[in-house]
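Colleague: The structure is given below, and queries will be raised subsequently.
The values are calculated or read from the model by the stated rules, or taken from the named source; none is laboratory data. If you're wondering where the values come from, they're calculated on a predicted model, not measured in any experiment. For neighbour counting, all protein chains shown are included, and Cβ atoms are generated from backbone atoms with ideal geometry for every residue, glycine included. Note: accessible area is taken over every heavy atom of the protein model, side chains too, but ligands, DNA and RNA are not part of it. Shrake-Rupley method; radii C 1.70, N 1.55, O 1.52, S 1.80 Å.
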Amino acid sequence: MKLAPSGPTLIVQPLPGIGDMVWHLPHIHAIAATTIAGKVDILTKPRSQSDRLLRADPQVGQILWLERESGRHAGLGGVLRLATALRQGGYQRVWILHGSARYALAARLAGISERLGYGVGLQSLLLTVPVRLPPERRHAHPILRADALLDALGIARGEKEPRLALDAEADRAVAVRFATWPTPWIALGVGSSETWKQWGAARFAELTLALNQRRAGSIFIVGGSAERSLAEEILARVRDGGGTAVDAVALPLEQVAALLARCRCYIGNDTGVLNMAAALQVPAIGLFGGSAPLWHSRFIHPLLPPAGEHGMATITVSQVLEARARWSGPDVHRTLA
């Protein structure tokens, strides 16, 4: 079936991570192109930081917060409160990029007349467009599920992989803040959502010192506020080894994006920042010793443990250095203008 252009449109994307939102950018942009205004609002969880991640995206309007963890939108009372909030948006159409029935129920109670989703289980009874994911897609990767929904409705994705828009003000702030550090810049992403995805302070410090010795450029330690103690340990080890690195921990997310866009490459754990770097078309060397390699972007270069070995600790600094030489190109030194 072919959808007519819609009025005010909402996308529900409740997966909580930054990477989860980046994965869905091609779908968000494709859906926005089906609206009269050319943009959509998004309902998502605060952990995604989508208000900062997507603030420069011309196809994204308002970010609404889904607050299940706080209890505001938990349980039946939470569904009713969510419906009340959605009703205020005056939406004609909602896309639910998830299999849960609760978001479809909230949309129905909010009076949203057109409701599209994956049609899994009870959700199918609450949708107005009769599309159901094929069985082989219902438990697939989130990217594949969203692909299947758009394919079923004949909606083309103009982007073959995610593209992240940069905030001009954030870019200027980064340029000023780090103007004295010579390029090329290399970002080390030290954060991780789970311990088994973490390479560790000792390895990141060893890598930084090795890059210093090779005069590879300025090394930026990038992470969220939760990585402050880890970053301090890395920076202390680097100083003790006679090296230098730049503290870029806990920057506002739009400034993280601006910093990544100026980098020669990203090296680090499987985390949201890895996905951001790739969506900015920056070569992203991902350390996949504790998780399955990502495959959705040609800018992600997975680095795996040696054959027959498992775990992040088995990935060596020499492997990373070889990968950097292979994927990030030669070093050219200059000072940022």
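Colleague: Compute the distance in nm between two label points, each set 7 Å from the Cα along the Cα-to-Cβ direction, one at T84 and one at A236.
Modeller: 4.9 nm
Colleague: Residue-wise, which Karplus ³J(HN,Hα) couplings in Hz belong to the stretch 16-30, taking 6.51 cos²θ - 1.76 cosθ + 1.60, θ = phi - 60°, and x for glycine or proline?
Modeller: With coefficients 6.51, -1.76 and 1.60, one gets x, x, 4, x, 4, 6, 4, 3, 8, 4, x, 6, 4, 5, 5 Hz.
Colleague: Can you give me the C-alpha center-to-center distance between the stretch 37-91 and the stretch 228-295, rounded to a whole angstrom?
Modeller: When both Cα centres are located, 28 Å separates them.
Colleague: If you don't mind, another one. Using a 1.4 Å probe, how large is the accessible area of D20, given in Å² and rounded to the nearest 10?
Modeller: 30 Å²
Colleague: May I ask for the equivalent-ellipsoid semi-axes of the stretch 187-248, computed as the square root of five times each C-alpha gyration tensor eigenvalue and listed largest first in whole Å?
Modeller: 19, 11, 11
Colleague: Using a 1.4 Å probe, how large is the accessible area of T183, given in Å² and rounded to the nearest 10?
Modeller: Probe radius 1.4 Å; accessible area of T183 about 10 Å².
Colleague: Nearest 10 degrees, 0 to 90: what angle lies between the long axis of helix 142-152 and the longest principal axis of the chain (Cα atoms)?
Modeller: Roughly 40 degrees between the two axes.
Colleague: Looking only at the chain, where both bridge partners belong to it, what percent of the DSSP beta bridges are antiparallel (to the nearest 5)? Please report the intermediate quantities before stating the final value.
Modeller: Details: 2 of 39 bridges.
The antiparallel fraction comes to roughly 5 percent.
Colleague: Could you calculate the FRET efficiency of L109 with R298 from 1/(1 + (r/R0)^6), where r is the beta carbon distance between them and R0 is 51 Å, rounded to 0.05?
Modeller: 0.75
Colleague: Enumerate the residues in the stretch 261-292 having an amide nitrogen under 15 Å from the point lying 7 Å beyond the Cα of W181 toward its Cβ.
Modeller: 261-268
Colleague: Provide the descending list of Cα extents for the stretch 154-293 along its principal axes, expressed in whole angstroms.
Modeller: 58, 36, 28
Colleague: Have a look at the stretch 154-199 and give its Rg and Dmax from the Cα atoms, expressed in angstrom.
Modeller: Expressed in Å, the Cα Rg and Dmax of the stretch 154-199 come to 16.8, 50.
Colleague: With every protein chain kept in the model, how would you rank L166, L211 by accessible area, 1.4 Å probe, largest at the top?
Modeller: Highest to lowest solvent-accessible surface, that is L166, L211.
Colleague: Considering only the other residues whose Cβ falls under 12 Å of the Cβ of L164, what net charge follows from Lys and Arg at +1 and Asp and Glu at -1?
Modeller: With Lys, Arg at +1 and Asp, Glu at -1, the net is -2.
Colleague: Under the rule that an exposed site lies in a DSSP loop and has at most 12 other Cβ atoms within 10 Å, name the longest stretch of the chain with no GluC sites (Glu not before Pro) of that kind, not counting the sites themselves.
Modeller: Values: sites that count: E69, E194, E309.
Longest stretch, sites excluded: 70-193.
Colleague: For I285, which sequence-distant residues (separation of 5 or more, or a different chain) have an amide H within less than 5 Å of its own amide H, given hydrogens modelled in the peptide plane?
Modeller: Y266, I267, G268, H301
Colleague: Please compute the Kirkwood hydrodynamic radius of the stretch 37-191 from all pairs of different C-alpha atoms, in Å with one decimal.
Modeller: On the way: mean 1/r = 0.0556 Å⁻¹.
Computed over the stretch 37-191, the radius equals 18.0 Å.
Colleague: For the chain, what does the helix formula give at 222 nm: sum of -39500 (n - 2.57) over DSSP H segments with n ≥ 4, over the residue count, nearest 500 deg cm²/dmol?
Modeller: Rounded to the nearest 500, it is -10000 deg cm²/dmol.
Colleague: Expressed as an acute angle from 0 to 90° and rounded to the nearest 10, what is the orientation of the C-alpha long axis of helix 75-87 relative to the principal long axis of the chain?
Modeller: Helix 75-87 and the main axis of the chain meet at about 80 degrees.
Colleague: Quick one: work out Rg over Rh on the C-alpha atoms of the stretch 244-298, Rh as Kirkwood radius.
Modeller: On the way: Rg = 11.4 Å, Rh = 11.8 Å.
Reported Rg/Rh (Cα atoms, Kirkwood Rh): 0.96.
Colleague: Taking the 0 to 90 degree range and rounding to the nearest ten, how far is the long axis of helix 168-177 tilted relative to the main principal axis of the chain, both from C-alpha atoms?
Modeller: Once rounded, one gets 20 degrees.
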